[in-house]
Amino acid sequence: MKNLLIHSVTVVTMEESHQIFYGYVIVEKGLFKTVGKGSPSSKEIADADEVIDGQGKWLMPGLVNTHGHLGSTLLRGAGDDMPLMDWLKQIMWPNESRFDKETVTIAAQLAMIEMIKSGTTTFLDMYHLFMEDMAELVIDIGMRATLCRGMIGLCSEEEQEQKLAESVKLYKDFHGESDGKISIALSPHAPYTCPPPFMKRAAEEAKKHNMMIHTHVSETRGEVEQHVKEYGKRPIVHLEELGLFHSPCLIAHGVHVNEEEMVILKENDVAVSHNPISNLKLGSGIAPIPEMVSKGITVGLGTDSTASNNNLDLFEEMRMAALIHKGKQENPSVTNSLKTLEMATFKGAEALRISQLGKIRSKFKADFILVDPAAPHLTPWENNRVHSHLVYAAKGSDVTDVFVGGKALYSNKSLVKLDEEKILYEANNKLENFV
(Lines give C-alpha, C1' and ligand atoms only; values in the text may rest on other atoms or scores of the structure.)
Protein backbone atom coordinates (compact mmCIF):
# COMPACT_ATOMS: atom_id res chain seq x y z
CA MET A 1 0.00 0.00 0.00
CA LYS A 2 1.29 3.45 -0.93
CA ASN A 3 2.73 5.88 1.57
CA LEU A 4 0.73 9.14 1.30
CA LEU A 5 1.82 12.60 2.46
CA ILE A 6 -0.52 15.61 2.57
CA HIS A 7 1.04 18.96 3.47
CA SER A 8 0.07 22.61 3.75
CA VAL A 9 -3.14 21.97 5.71
CA THR A 10 -4.68 23.17 8.93
CA VAL A 11 -5.05 20.00 11.00
CA VAL A 12 -8.21 19.77 13.13
CA THR A 13 -7.12 16.91 15.37
CA MET A 14 -10.24 16.38 17.57
CA GLU A 15 -7.76 15.34 20.25
CA GLU A 16 -8.50 15.95 23.94
CA SER A 17 -6.18 18.95 23.76
CA HIS A 18 -8.38 20.38 20.94
CA GLN A 19 -5.25 21.21 18.96
CA ILE A 20 -5.55 22.91 15.59
CA PHE A 21 -2.33 23.70 13.76
CA TYR A 22 -0.74 24.22 10.37
CA GLY A 23 0.97 20.99 9.40
CA TYR A 24 0.96 17.73 7.48
CA VAL A 25 0.07 14.05 7.79
CA ILE A 26 1.70 10.86 6.55
CA VAL A 27 -0.48 7.80 5.98
CA GLU A 28 0.86 4.26 5.78
CA LYS A 29 -1.06 0.96 5.63
CA GLY A 30 -4.36 2.72 6.19
CA LEU A 31 -3.26 4.47 9.40
CA PHE A 32 -1.83 7.85 10.29
CA LYS A 33 1.91 7.31 10.69
CA THR A 34 2.83 10.94 11.35
CA VAL A 35 0.79 13.99 12.30
CA GLY A 36 3.26 16.85 12.19
CA LYS A 37 3.34 20.58 12.71
CA GLY A 38 4.83 22.92 10.13
CA SER A 39 6.24 21.49 6.90
CA PRO A 40 7.49 17.96 6.23
CA SER A 41 11.21 17.34 5.90
CA SER A 42 12.79 16.81 2.51
CA LYS A 43 13.36 13.17 3.48
CA GLU A 44 9.68 12.67 4.36
CA ILE A 45 8.71 14.11 0.99
CA ALA A 46 11.24 11.96 -0.85
CA ASP A 47 10.08 8.80 0.95
CA ALA A 48 6.42 9.35 0.11
CA ASP A 49 4.87 7.44 -2.78
CA GLU A 50 2.27 10.18 -3.24
CA VAL A 51 2.44 13.83 -2.17
CA ILE A 52 -0.61 16.09 -2.12
CA ASP A 53 -0.53 19.85 -1.61
CA GLY A 54 -3.44 20.60 0.71
CA GLN A 55 -3.50 24.24 -0.45
CA GLY A 56 -4.37 25.61 2.97
CA LYS A 57 -7.49 23.48 3.44
CA TRP A 58 -8.72 22.15 6.78
CA LEU A 59 -7.93 18.48 7.33
CA MET A 60 -10.29 16.86 9.85
CA PRO A 61 -11.64 13.40 10.72
CA GLY A 62 -14.29 11.99 8.41
CA LEU A 63 -17.84 12.25 9.72
CA VAL A 64 -19.65 9.26 11.23
CA ASN A 65 -23.37 8.77 10.51
CA THR A 66 -24.72 6.45 13.23
CA HIS A 67 -28.20 5.75 11.86
CA GLY A 68 -29.75 5.49 8.39
CA HIS A 69 -31.67 3.40 5.88
CA LEU A 70 -29.92 3.61 2.51
CA GLY A 71 -32.33 1.36 0.65
CA SER A 72 -35.18 3.85 0.99
CA THR A 73 -33.30 6.78 -0.57
CA LEU A 74 -35.61 6.89 -3.61
CA LEU A 75 -38.50 7.80 -1.29
CA ARG A 76 -37.00 11.22 -0.62
CA GLY A 77 -39.87 13.72 -0.69
CA ALA A 78 -42.61 11.07 -0.58
CA GLY A 79 -45.05 11.39 2.29
CA ASP A 80 -43.76 14.64 3.76
CA ASP A 81 -45.49 16.25 6.74
CA MET A 82 -46.97 13.04 8.19
CA PRO A 83 -46.73 11.53 11.69
CA LEU A 84 -44.33 8.60 12.03
CA MET A 85 -46.80 5.70 12.12
CA ASP A 86 -48.98 7.09 9.30
CA TRP A 87 -45.83 7.67 7.23
CA LEU A 88 -44.57 4.12 7.84
CA LYS A 89 -47.91 2.43 7.10
CA GLN A 90 -49.00 4.57 4.13
CA ILE A 91 -45.70 5.42 2.41
CA MET A 92 -42.67 3.44 3.57
CA TRP A 93 -43.84 -0.14 4.01
CA PRO A 94 -46.17 -0.32 0.95
CA ASN A 95 -43.47 1.09 -1.35
CA GLU A 96 -40.65 -0.99 0.10
CA SER A 97 -42.69 -4.16 -0.40
CA ARG A 98 -42.22 -3.60 -4.14
CA PHE A 99 -38.48 -2.85 -4.08
CA ASP A 100 -36.26 -5.18 -6.09
CA LYS A 101 -32.50 -5.57 -6.01
CA GLU A 102 -31.95 -2.95 -8.72
CA THR A 103 -34.03 -0.36 -6.84
CA VAL A 104 -32.17 -0.91 -3.57
CA THR A 105 -28.79 -0.84 -5.31
CA ILE A 106 -29.52 2.45 -7.06
CA ALA A 107 -30.85 3.91 -3.81
CA ALA A 108 -27.75 2.84 -1.88
CA GLN A 109 -25.40 4.22 -4.54
CA LEU A 110 -27.26 7.53 -4.53
CA ALA A 111 -26.99 7.70 -0.73
CA MET A 112 -23.27 6.94 -0.80
CA ILE A 113 -22.67 9.66 -3.37
CA GLU A 114 -24.43 12.14 -1.12
CA MET A 115 -22.58 11.01 1.99
CA ILE A 116 -19.14 10.98 0.41
CA LYS A 117 -19.57 14.40 -1.20
CA SER A 118 -20.60 15.90 2.16
CA GLY A 119 -17.77 14.36 4.18
CA THR A 120 -19.21 11.16 5.69
CA THR A 121 -16.69 8.31 5.72
CA THR A 122 -18.48 5.87 8.07
CA PHE A 123 -22.17 5.05 8.27
CA LEU A 124 -24.62 2.61 9.85
CA ASP A 125 -27.31 1.17 7.61
CA MET A 126 -30.34 -0.71 8.93
CA TYR A 127 -32.29 -2.26 6.09
CA HIS A 128 -34.10 -5.50 5.40
CA LEU A 129 -33.56 -6.07 1.69
CA PHE A 130 -30.51 -7.37 -0.21
CA MET A 131 -28.03 -6.70 2.61
CA GLU A 132 -25.47 -9.14 1.18
CA ASP A 133 -25.44 -7.07 -2.00
CA MET A 134 -25.17 -3.92 0.11
CA ALA A 135 -22.08 -5.33 1.82
CA GLU A 136 -20.46 -6.13 -1.53
CA LEU A 137 -21.29 -2.64 -2.80
CA VAL A 138 -19.79 -0.94 0.26
CA ILE A 139 -16.64 -3.03 -0.09
CA ASP A 140 -16.33 -2.03 -3.75
CA ILE A 141 -16.81 1.68 -3.02
CA GLY A 142 -14.42 1.63 -0.05
CA MET A 143 -16.49 3.30 2.67
CA ARG A 144 -16.51 2.15 6.29
CA ALA A 145 -19.88 0.80 7.42
CA THR A 146 -21.85 -1.02 10.08
CA LEU A 147 -24.58 -2.99 8.31
CA CYS A 148 -27.73 -4.39 9.91
CA ARG A 149 -30.37 -6.71 8.52
CA GLY A 150 -33.40 -4.93 10.03
CA MET A 151 -35.92 -7.39 11.47
CA ILE A 152 -39.62 -6.80 12.06
CA GLY A 153 -40.97 -9.49 14.37
CA LEU A 154 -44.68 -9.21 13.58
CA CYS A 155 -44.70 -12.59 11.88
CA SER A 156 -44.67 -16.31 12.63
CA GLU A 157 -42.03 -17.82 14.89
CA GLU A 158 -40.65 -19.64 11.85
CA GLU A 159 -40.21 -16.33 9.99
CA GLN A 160 -38.63 -14.74 13.07
CA GLU A 161 -36.04 -17.51 13.25
CA GLN A 162 -35.34 -17.15 9.52
CA LYS A 163 -34.66 -13.44 9.94
CA LEU A 164 -32.32 -14.12 12.85
CA ALA A 165 -30.52 -16.77 10.79
CA GLU A 166 -30.10 -14.31 7.90
CA SER A 167 -28.64 -11.73 10.29
CA VAL A 168 -26.17 -14.20 11.76
CA LYS A 169 -25.16 -15.39 8.28
CA LEU A 170 -24.52 -11.78 7.23
CA TYR A 171 -22.29 -11.44 10.29
CA LYS A 172 -20.35 -14.64 9.55
CA ASP A 173 -19.91 -13.77 5.88
CA PHE A 174 -18.96 -10.10 6.13
CA HIS A 175 -17.97 -8.96 9.63
CA GLY A 176 -14.36 -7.72 9.45
CA GLU A 177 -14.20 -7.81 5.65
CA SER A 178 -12.58 -5.07 3.53
CA ASP A 179 -9.58 -4.78 5.89
CA GLY A 180 -11.92 -4.42 8.85
CA LYS A 181 -14.03 -1.65 7.30
CA ILE A 182 -17.24 -3.74 7.42
CA SER A 183 -18.99 -4.47 10.71
CA ILE A 184 -22.29 -6.30 11.13
CA ALA A 185 -24.84 -5.65 13.90
CA LEU A 186 -28.06 -7.43 14.89
CA SER A 187 -31.12 -5.21 14.43
CA PRO A 188 -34.58 -5.94 15.78
CA HIS A 189 -36.45 -2.97 14.29
CA ALA A 190 -38.20 -1.51 17.36
CA PRO A 191 -40.21 -2.52 20.44
CA TYR A 192 -43.45 -1.71 18.61
CA THR A 193 -42.62 -4.08 15.74
CA CYS A 194 -40.82 -6.77 17.74
CA PRO A 195 -42.80 -8.57 20.47
CA PRO A 196 -40.92 -9.26 23.74
CA PRO A 197 -40.22 -12.96 22.99
CA PHE A 198 -38.58 -11.99 19.70
CA MET A 199 -36.57 -9.22 21.38
CA LYS A 200 -35.37 -11.80 23.88
CA ARG A 201 -34.35 -14.18 21.08
CA ALA A 202 -32.46 -11.35 19.37
CA ALA A 203 -30.65 -10.62 22.62
CA GLU A 204 -29.72 -14.31 22.95
CA GLU A 205 -28.36 -14.50 19.40
CA ALA A 206 -26.36 -11.29 19.81
CA LYS A 207 -24.80 -12.60 23.01
CA LYS A 208 -24.07 -15.98 21.45
CA HIS A 209 -22.28 -14.50 18.43
CA ASN A 210 -20.75 -11.46 20.15
CA MET A 211 -22.70 -9.04 17.95
CA MET A 212 -23.61 -5.42 18.58
CA ILE A 213 -27.35 -4.64 18.71
CA HIS A 214 -29.00 -1.67 17.01
CA THR A 215 -32.69 -0.77 17.35
CA HIS A 216 -35.12 2.16 17.28
CA VAL A 217 -36.35 3.08 20.76
CA SER A 218 -38.73 5.71 22.18
CA GLU A 219 -38.92 7.76 19.01
CA THR A 220 -42.42 9.13 19.70
CA ARG A 221 -44.48 9.86 22.79
CA GLY A 222 -47.32 7.71 21.47
CA GLU A 223 -44.97 4.75 21.04
CA VAL A 224 -43.91 4.98 24.69
CA GLU A 225 -47.47 5.41 25.96
CA GLN A 226 -48.63 2.40 23.95
CA HIS A 227 -45.77 0.28 25.31
CA VAL A 228 -46.67 1.19 28.89
CA LYS A 229 -50.31 0.38 28.17
CA GLU A 230 -49.44 -3.05 26.73
CA TYR A 231 -46.65 -4.13 29.06
CA GLY A 232 -46.88 -1.93 32.12
CA LYS A 233 -43.39 -0.53 31.75
CA ARG A 234 -41.44 1.90 29.62
CA PRO A 235 -39.50 0.58 26.59
CA ILE A 236 -35.95 0.97 27.91
CA VAL A 237 -36.83 -0.60 31.25
CA HIS A 238 -38.40 -3.49 29.35
CA LEU A 239 -35.48 -3.94 26.95
CA GLU A 240 -33.07 -4.16 29.86
CA GLU A 241 -35.20 -6.90 31.43
CA LEU A 242 -35.28 -8.78 28.11
CA GLY A 243 -31.46 -8.82 28.00
CA LEU A 244 -31.00 -6.53 25.03
CA PHE A 245 -28.36 -4.51 26.85
CA HIS A 246 -26.22 -7.53 27.73
CA SER A 247 -24.45 -6.96 24.40
CA PRO A 248 -22.97 -3.71 23.10
CA CYS A 249 -26.01 -1.69 22.06
CA LEU A 250 -26.78 1.46 20.10
CA ILE A 251 -30.31 2.86 20.14
CA ALA A 252 -31.64 5.26 17.54
CA HIS A 253 -33.58 8.34 18.64
CA GLY A 254 -34.23 8.00 22.39
CA VAL A 255 -36.42 11.09 22.15
CA HIS A 256 -38.81 10.22 24.96
CA VAL A 257 -36.63 8.82 27.73
CA ASN A 258 -36.89 9.81 31.37
CA GLU A 259 -34.34 10.11 34.16
CA GLU A 260 -34.64 6.45 35.21
CA GLU A 261 -34.09 5.29 31.63
CA MET A 262 -31.05 7.50 31.17
CA VAL A 263 -29.51 5.88 34.25
CA ILE A 264 -30.19 2.46 32.70
CA LEU A 265 -28.53 3.54 29.44
CA LYS A 266 -25.46 4.79 31.27
CA GLU A 267 -25.17 1.74 33.55
CA ASN A 268 -25.37 -0.59 30.55
CA ASP A 269 -23.06 1.50 28.34
CA VAL A 270 -25.83 1.87 25.73
CA ALA A 271 -25.02 4.51 23.12
CA VAL A 272 -27.55 6.82 21.46
CA SER A 273 -27.84 7.99 17.85
CA HIS A 274 -29.25 11.53 17.90
CA ASN A 275 -31.29 12.26 14.73
CA PRO A 276 -32.53 15.82 15.30
CA ILE A 277 -33.73 16.73 11.80
CA SER A 278 -35.68 13.50 11.25
CA ASN A 279 -37.20 13.81 14.73
CA LEU A 280 -38.27 17.38 14.01
CA LYS A 281 -39.63 16.65 10.53
CA LEU A 282 -41.76 13.75 11.79
CA GLY A 283 -42.93 15.81 14.76
CA SER A 284 -41.48 13.24 17.15
CA GLY A 285 -39.89 15.71 19.56
CA ILE A 286 -36.41 16.67 20.77
CA ALA A 287 -34.24 14.15 22.59
CA PRO A 288 -32.74 15.22 25.96
CA ILE A 289 -29.21 15.14 24.59
CA PRO A 290 -27.54 17.65 26.98
CA GLU A 291 -28.86 15.60 29.89
CA MET A 292 -27.57 12.37 28.32
CA VAL A 293 -24.14 13.86 27.69
CA SER A 294 -23.95 15.21 31.25
CA LYS A 295 -24.57 11.66 32.51
CA GLY A 296 -21.72 10.29 30.39
CA ILE A 297 -23.87 8.51 27.79
CA THR A 298 -22.12 8.16 24.45
CA VAL A 299 -24.04 10.12 21.81
CA GLY A 300 -23.40 10.08 18.06
CA LEU A 301 -25.23 11.84 15.23
CA GLY A 302 -27.41 10.24 12.57
CA THR A 303 -29.40 11.53 9.65
CA ASP A 304 -31.97 8.71 9.48
CA SER A 305 -33.14 8.15 5.90
CA THR A 306 -33.61 10.68 3.10
CA ALA A 307 -37.30 9.80 3.31
CA SER A 308 -37.51 11.47 6.72
CA ASN A 309 -34.73 14.05 6.70
CA ASN A 310 -34.50 14.72 3.56
CA ASN A 311 -30.73 14.72 3.11
CA LEU A 312 -27.61 13.01 4.43
CA ASP A 313 -25.46 16.08 5.08
CA LEU A 314 -23.96 15.68 8.56
CA PHE A 315 -22.77 19.29 8.56
CA GLU A 316 -26.42 20.31 8.48
CA GLU A 317 -27.18 17.72 11.18
CA MET A 318 -24.41 19.13 13.38
CA ARG A 319 -25.73 22.65 13.10
CA MET A 320 -29.24 21.55 14.01
CA ALA A 321 -27.99 19.43 16.91
CA ALA A 322 -26.07 22.39 18.29
CA LEU A 323 -28.97 24.84 17.96
CA ILE A 324 -32.21 23.10 18.93
CA HIS A 325 -31.21 22.36 22.51
CA LYS A 326 -30.21 25.99 23.05
CA GLY A 327 -33.66 27.05 21.91
CA LYS A 328 -35.52 24.36 23.81
CA GLN A 329 -33.80 25.16 27.11
CA GLU A 330 -33.46 28.89 26.42
CA ASN A 331 -29.79 28.55 27.31
CA PRO A 332 -27.01 29.06 24.73
CA SER A 333 -24.45 27.19 26.82
CA VAL A 334 -26.14 23.76 26.91
CA THR A 335 -24.34 22.81 23.69
CA ASN A 336 -21.15 24.01 22.04
CA SER A 337 -19.39 23.52 18.73
CA LEU A 338 -16.62 21.28 20.08
CA LYS A 339 -18.96 18.80 21.78
CA THR A 340 -21.12 18.70 18.66
CA LEU A 341 -18.08 17.96 16.47
CA GLU A 342 -17.18 15.16 18.85
CA MET A 343 -20.60 13.58 18.29
CA ALA A 344 -20.03 13.64 14.52
CA THR A 345 -16.52 12.17 14.73
CA PHE A 346 -14.97 10.07 17.50
CA LYS A 347 -18.09 9.83 19.68
CA GLY A 348 -19.91 8.43 16.66
CA ALA A 349 -17.09 5.92 16.24
CA GLU A 350 -17.39 4.97 19.91
CA ALA A 351 -21.15 4.53 19.48
CA LEU A 352 -20.46 2.06 16.66
CA ARG A 353 -17.74 0.37 18.74
CA ILE A 354 -15.07 1.14 16.15
CA SER A 355 -11.73 1.68 17.84
CA GLN A 356 -9.03 4.18 16.82
CA LEU A 357 -11.32 6.24 14.60
CA GLY A 358 -12.44 9.85 14.57
CA LYS A 359 -9.24 11.68 15.49
CA ILE A 360 -6.21 12.82 13.53
CA ARG A 361 -3.70 10.89 15.63
CA SER A 362 -0.79 8.57 14.95
CA LYS A 363 -1.91 4.92 14.64
CA PHE A 364 -5.56 5.93 14.16
CA LYS A 365 -7.46 4.90 11.04
CA ALA A 366 -6.77 7.36 8.24
CA ASP A 367 -10.38 8.34 7.53
CA PHE A 368 -10.33 12.09 6.91
CA ILE A 369 -11.67 14.89 4.77
CA LEU A 370 -10.44 18.20 3.39
CA VAL A 371 -12.63 21.28 3.74
CA ASP A 372 -11.98 24.39 1.66
CA PRO A 373 -12.24 27.51 3.87
CA ALA A 374 -12.01 29.88 0.89
CA ALA A 375 -15.72 30.73 0.96
CA PRO A 376 -17.56 33.85 2.14
CA HIS A 377 -19.49 31.89 4.80
CA LEU A 378 -16.22 30.62 6.31
CA THR A 379 -14.49 34.01 6.27
CA PRO A 380 -12.82 35.40 8.32
CA TRP A 381 -11.16 32.56 10.13
CA GLU A 382 -8.26 31.76 12.39
CA ASN A 383 -7.51 28.58 14.33
CA ASN A 384 -9.66 29.47 17.33
CA ARG A 385 -12.71 29.91 15.07
CA VAL A 386 -12.41 26.67 13.08
CA HIS A 387 -14.52 24.50 15.43
CA SER A 388 -17.23 27.15 15.39
CA HIS A 389 -17.16 27.53 11.62
CA LEU A 390 -17.37 23.76 11.05
CA VAL A 391 -20.56 23.49 13.11
CA TYR A 392 -22.34 26.81 12.63
CA ALA A 393 -21.28 27.86 9.12
CA ALA A 394 -19.84 25.01 7.02
CA LYS A 395 -21.82 23.06 4.42
CA GLY A 396 -21.27 19.61 3.01
CA SER A 397 -20.46 21.25 -0.32
CA ASP A 398 -17.31 22.75 1.24
CA VAL A 399 -15.75 19.27 1.28
CA THR A 400 -13.26 18.77 -1.55
CA ASP A 401 -11.56 15.46 -0.72
CA VAL A 402 -12.51 12.31 1.21
CA PHE A 403 -10.21 9.46 2.27
CA VAL A 404 -11.03 6.16 3.99
CA GLY A 405 -8.12 4.06 5.21
CA GLY A 406 -5.85 6.44 3.33
CA LYS A 407 -7.56 5.76 -0.01
CA ALA A 408 -9.27 8.59 -1.89
CA LEU A 409 -13.01 8.23 -2.47
CA TYR A 410 -13.45 11.86 -3.54
CA SER A 411 -10.56 13.81 -5.02
CA ASN A 412 -10.69 17.52 -5.80
CA LYS A 413 -14.51 17.29 -5.92
CA SER A 414 -14.51 14.25 -8.22
CA LEU A 415 -15.83 10.84 -7.18
CA VAL A 416 -13.27 8.09 -7.62
CA LYS A 417 -15.52 5.01 -7.87
CA LEU A 418 -19.13 6.07 -8.36
CA ASP A 419 -20.53 7.28 -11.69
CA GLU A 420 -22.70 10.14 -10.46
CA GLU A 421 -24.31 11.05 -13.80
CA LYS A 422 -25.34 7.45 -14.48
CA ILE A 423 -26.73 6.89 -10.96
CA LEU A 424 -28.74 10.14 -10.97
CA TYR A 425 -30.24 9.16 -14.31
CA GLU A 426 -31.16 5.69 -13.04
CA ALA A 427 -32.64 7.09 -9.83
CA ASN A 428 -34.89 9.49 -11.71
CA ASN A 429 -35.87 6.71 -14.10
CA LYS A 430 -37.07 4.60 -11.18
CA LEU A 431 -39.24 7.36 -9.72
CA GLU A 432 -42.34 6.53 -11.77
CA ASN A 433 -42.61 3.14 -10.05
CA PHE A 434 -43.27 4.55 -6.58
CA VAL A 435 -45.45 7.06 -4.72
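The values are calculated or read from the model by the stated rules, or taken from the named source; none is laboratory data. Since this is a predicted model, take the numbers as computed values, not measurements. Please note: Cβ atoms are built from the backbone with ideal geometry, for glycine as well, and neighbour counts cover all protein chains shown. For the accessible areas, the whole protein counts, side chains as well, though only heavy atoms, and no ligand, DNA or RNA atoms are used. Shrake-Rupley method; radii C 1.70, N 1.55, O 1.52, S 1.80 Å.
Among the helices (runs of 4 or more DSSP H) confined to the stretch 206-318, the ones with at least 3 residues that are over 27 Å from residue 90 (Cβ atoms) are located at 235-241, 259-267, 289-294.
Regarding residue 284, is this residue within 18 Å of residue 214 (Cα to Cα), open to solvent by less than 50 Å² (accessible area, probe 1.4 Å), touching a residue at least 60 places away in the same chain (Cβ under 8 Å) and of a type outside the set (D, E, K, R)? Let's see the steps before the verdict.
On the way: within 18 Å of residue 214 (Cα to Cα): no; open to solvent by less than 50 Å² (accessible area, probe 1.4 Å): yes; touching a residue at least 60 places away in the same chain (Cβ under 8 Å): yes; of a type outside the set (D, E, K, R): yes.
For residue 284, the condition - within 18 Å of residue 214 (Cα to Cα), open to solvent by less than 50 Å² (accessible area, probe 1.4 Å), touching a residue at least 60 places away in the same chain (Cβ under 8 Å) and of a type outside the set (D, E, K, R) - is not met.
Would you check if residue 202 is aliphatic (A, V, I, L, M), in contact (Cβ under 8 Å) with a residue 40 or more places away in the chain and buried (at least 23 other Cβ atoms within 10 Å of the Cβ)? In short, yes.
Filter the stretch 362-402 down to the residues that are under 26 Å from residue 212 (Cα atoms) and of a type outside the set (Gly, Ala, Ser), then identify the one that is surrounded by the fewest Cβ atoms within 10 Å (Cβ to Cβ). Steps first, answer last, please.
The first filter runs over the stretch 362-402 and keeps only residues under 26 Å from residue 212 (Cα atoms), leaving 363-368.
Okay, now just the ones that are also of a type outside the set (Gly, Ala, Ser), so 363-365, 367-368.
Working: 363: 9, 364: 22, 365: 28, 367: 30, 368: 28.
Filtering the stretch 362-402 for residues that are under 26 Å from residue 212 (Cα atoms) and of a type outside the set (Gly, Ala, Ser), the one surrounded by the fewest Cβ atoms within 10 Å (Cβ to Cβ) comes out as 363.
Against the criterion of being in contact with a strand residue (DSSP E or B) (Cβ under 8 Å, 6 or more places away or on another chain), assigned to a helix (DSSP H, G or I), at pLDDT 95 or above and open to solvent by less than 10 Å² (accessible area, probe 1.4 Å), residue 170 qualifies.
Of all residues in the stretch 334-359, those that are assigned to a helix (DSSP H, G or I) and either within 15 Å of the chain's Cα centre (by Cα) or of a type in the set (A, V, I, L, M, F, W, C) (or both) total 12. Scanning the stretch 387-435 for residues that are assigned to a strand (DSSP E or B) and among the charged types (D, E, K, R), we see that the one that is nearest to residue 87 (Cα to Cα) is 401. A Cβ distance below 7 Å, combined with a sequence gap of six or more or placement on separate chains, defines the contacts here; from the stretch 415-435, residues that are within 23 Å of residue 138 (Cβ to Cβ) and open to solvent by less than 100 Å² (accessible area, probe 1.4 Å) reach no residue that is aromatic (Phe, Trp, Tyr) and at pLDDT below 95.
Scanning the stretch 127-151 for residues that are open to solvent by 50 Å² or more (accessible area, probe 1.4 Å) and of a type in the set (Val, Ile, Thr) gives a single hit, 139.
Residue count for the stretch 1-59, restricted to those that are assigned to a loop (DSSP other than H, G, I, E, B), crowded, with 18+ Cβ neighbours inside 10 Å and without any contact (Cβ under 8 Å) to a residue 40 or more places away in the chain: 1.
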